[in-house]
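J.: There's a structure below that I have some questions on.
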Amino acid sequence: MLERRQRGGPGRPQSGGGDGDDGNPLSAPGQPAAMSIELESEEHEKCREAGEILAEVRDEAAERVAVGASHLELAEWAEDRIRELGGEPAFPVNISIDEEAAHATPSVDDEETFGEEMINLDIGVHVDGWLADTAVTVDLSGNSDLAEAPAEALDAALDVIEPGVETGEIGAVIEEVIDGYGYNPVVNLTGHGLGHWEQHTTPNIPNRSVSQGTELEVGDHVAIEPFATDGGGKVREGNDEEIFALEREGSVRDRTARQALEQITEEFKTLPFATRWLDSSRASMALRRLQRNDIVHGYPVLKEEDGCLVSQKEHTIIVTEDGCEVTTRSR
């Protein structure tokens with residue numbers, strides 16, 4: 001998952017709000033609207049295909065996490081494996097460590113390796129712009145209960161999904177399970193809708209109980225993603241930023257920035273991409289120029305307080321007449 005940033009602003013996590021607060025730190029007033037999938041249509045089949053590819057890659061990637069393994073090698077392996085199976089990465093593989101919750105991906109010269117840590121893998125696939133989004137925690141830190149909490153919360157949430165269920169009810173179920181483990185849900189991160197070439201649309205699916213929500217309908221295509229933490233339950237932006245997305249069409253005078261923009265619009269369209277995906281040897285400089293012109297926006301790493309741990313589990317679902325189809329379930 002990549003939380004959508006507010007256009008023209010810093011995208012600071014929200015500090016809370018009324019009962020209707022959706023808990024999404026980086027949502028924007030212009031957030032794309034939900035897109036309903038016609039069941040058994042060509043679009044439905046492409047969503048299924050994306051989910052099948054993603055489930056296989058997620059499970060294989062999780063098995064490759066081990067002390068001493070390279071972050072960059074794992075990310076590049078997973079992204080290449082997606083292409084090998086017939087899909088395209090919907091966003092750069094996120095590898096979040098310990099207090100990190102989202103938006104962490106290796107740089108082009110990254111030398112980090114896994115230690116005795118809590119590792120969240122968040123991976124996305126698209127087939128012709130139709131998406132699937134999933135995440136799993138691999139615990140090497142010895143905190144298995146924290147890793148299990150969002151997984152059980154996700155299972156409980158899936159059990160209540162059907163046409164007419166309110167998103168606030170889903171959030172209440174998630175919160176109850178995580179509370180039962182003695183941890184806090186991350187309240188300013190949410191699940192979200194998935195659109196065509198849009199990785200983050202309405203509705204937002206809270207990870208806590210809210211009194212106002214949106215009723216899910218047949219064909220709704222959404223990602224449910226509980227986060228649990230032994231910290232306070234709110235993330236903030238860090239300083240690192242390796243993931244970007246196109247904000248608007250535009251022109252720039254600098255040749256390097258112009259070439260980067262051509263690649264972005266042709267290859268990634270509105271989906272997020274990594275600095276390391278750009279062909280330019282001066283990619284970071286090109287992106288800074290594009291950011292200054294509000295043509296691209298970045299996704300800073302989202303973090304809990306230092307010393308805390310964050311775990312995550314995510315599936316993509318399509319609401320059906322009698323419940324939901326989990327497109328990213330392991331086969």
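J.: Taking a virtual spin label 7 Å from the Cα of R236 along the C-beta vector, which residues in the range 280-308 bring their backbone nitrogen under 17 Å of it?
T.: Flagged as within label range: 300-308.
J.: Looking at (i) 44, 28, 15; (ii) 34, 26, 18; (iii) 28, 23, 20, which value of semi-axes √(5λ) of the Cα gyration tensor in Å comes from a calculation on the structure shown?
T.: (iii)
J.: Rounded if a/c is under 1.5, else prolate if a/b is larger than b/c, else oblate: which is the range 243-298, with a ≥ b ≥ c the root eigenvalues of its Cα gyration tensor?
T.: Judged from the Cα gyration tensor, the range 243-298 comes out rounded (a/c under 1.5).
J.: Residue by residue through the range 264-271, what is 3J(HN,Hα) from phi via Karplus (6.51 cos²θ - 1.76 cosθ + 1.60, θ = phi - 60°)? Round to whole Hz and write x for glycine and proline.
T.: 4, 5, 7, 8, 10, 6, 8, 7
J.: What pairs from K46/K234; K46/K269; K234/K269 go past 27 Å between their alpha carbons?
T.: Going by Cα-Cα distance, K46/K234; K234/K269 fall outside the 27 Å limit.
J.: Simple spin-label model, 7 Å along Cα-to-Cβ: A66 to R83 in nm?
T.: 2.6
J.: Taking amide H atoms as placed 1.01 Å from N in the peptide plane, list the residues 5 or more away in sequence, or in a different chain, whose amide H sits under 5 Å from that of T105.
T.: The answer is I95, E242.
J.: Check each of the GluC sites (Glu not before Pro) in the range 225-331 and keep only those in coil by DSSP with at most 10 other C-beta atoms within 10 angstrom; list them in order. Walk me through the intermediate numbers first.
T.: Working: sites: E237, E241, E242, E247, E249, E262, E266, E267, E304, E305, E314, E321, E325; in loops: E241, E242, E247, E249, E304, E305, E321.
Answer in residue order: E249, E321.
J.: Moving on to the next point. Can you give the charge dipole size of the range 168-253 about its Cα centre, rounded to the nearest 20 debye, using +1 on the beta carbon of Lys and Arg and -1 on the beta carbon of Asp and Glu?
T.: I would put it at about 220 debye.
J.: Continuing with the same structure: Assign unit charges at the C-beta atoms only (+1 for Lys and Arg, -1 for Asp and Glu), then state the dipole size of the chain relative to its Cα centre in Debye, rounded to the nearest 20.
T.: 1700
J.: Return the sequence-ordered ³J(HN,Hα) values of the range 65-78 in whole Hz as given by the Karplus equation 6.51 cos²θ - 1.76 cosθ + 1.60 applied to θ = phi - 60°, using x for Gly and Pro.
T.: Taking θ as phi minus 60°, the curve returns 6, 7, 4, x, 6, 7, 4, 5, 5, 5, 4, 5, 4, 5 Hz for the range 65-78.
J.: Got the relative contact order for the chain handy, in percent, Cα pairs under 8 Å and 6 or more residues apart?
T.: Relative contact order comes out at 25 percent.
J.: Sticking with this one: Suppose a student asked you for the relative contact order of the range 251-331, using Cα pairs under 8 Å spaced at least 6 residues apart; what percent would you report? Write down the numbers at each step before the final one.
T.: Working: 51 pairs, mean separation 16.7, N = 81.
Rounded, it is 21 percent for the range 251-331.
J.: Here's something else I'd like to know. In deg cm²/dmol and to the nearest 500, what is the mean residue ellipticity at 222 nm of the chain if only DSSP H runs of at least 4 residues count, each as -39500 (n - 2.57), divided by the residue total? Mind showing how you got there, number by number?
T.: Details: 6 runs with 86 residues, N = 331.
That comes out to -8500 deg cm²/dmol.
Every read-out reported here was derived from the displayed coordinates using simple, explicitly stated rules and does not represent laboratory data. These numbers were taken from a predicted model, which means no experiment stands behind them. Using ideal geometry, Cβ is built from the backbone for each residue, glycine included, and neighbour counts are taken over all protein chains shown.
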